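Read through the structure below, which is laid out as structure tokens, and then see the notes.
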Amino acid sequence: MAFDSSGPRRPETAAAELDAYLREFRAGGYPVAQVVHAACARCGGSEFGVRVDDEAGYADRTCHSCGDRWVMLDGADVAEDVDLGDAACLCGGERFDVAVGFALREDGEVRWVSVSLRCTADGGLGVYADWKIDYSPSGHLVARV
């Protein structure tokens, strides 16, 4: 699938592009059953700086509107062991639309998560971190984006 990654942020298409990208990516090789988009709980902002440690299974986001920081998914469980890196687009941009794709098991529990970012400067898309979820219950992760 081809994605237009040229030009500035287009809020009206950012969500659809992230959804399609995550579904094609196939979290852990599994079909993505649900995509959840990040929004700041404090101000409703939708542009974030993101830090990740893909090895540890950790991601956090900081709202560019109000500065509120949020540890995503189950990152709080591994926070003391992370080696964080700032997410950056190939264009050098560090502001992103954020979405998480969830691959589910047959029983509806989360099997795999993929953190996808869309650069607000040039529209570039990528999965910056993904990891397996090997515990239950795990449905609470959907609310921790």
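The values are calculated or read from the model by the stated rules, or taken from the named source; none is laboratory data. None of the values given here were measured: they were computed from a predicted structure. Using ideal geometry, Cβ is built from the backbone for each residue, glycine included, and neighbour counts are taken over all protein chains shown.
For segment 23-51, a residue qualifies if it is at pLDDT 95 or above, in contact with a Gly (Cβ under 8 Å, 6 or more places away or on another chain) and of a type in the set (A, V, I, L, M), and the qualifying residues are Val32, Val35, Ala39.
At least 2 residues being aromatic (Phe, Trp, Tyr) is the threshold, and among the strands (runs of 3 or more DSSP E) wholly inside segment 57-145 those reaching it are 96-104, 125-132.
Scanning segment 95-129 for residues that are acidic (Asp, Glu), within 26 Å of Ser65 (Cα to Cα) and at pLDDT 95 or above returns a single hit, Asp97.
Here Asp122 meets the list (1) under 18 Å from Arg144 (Cβ atoms); (2) surrounded by 14 or more Cβ atoms within 10 Å (Cβ to Cβ); (3) among the acidic types (Asp, Glu) almost entirely, failing just condition (1). Residue selection: Val78 satisfies the criterion of being surrounded by 15 or more Cβ atoms within 10 Å (Cβ to Cβ), of a type in the set (A, V, I, L, M) and over 14 Å from the mean Cα position of the chain (by Cα).
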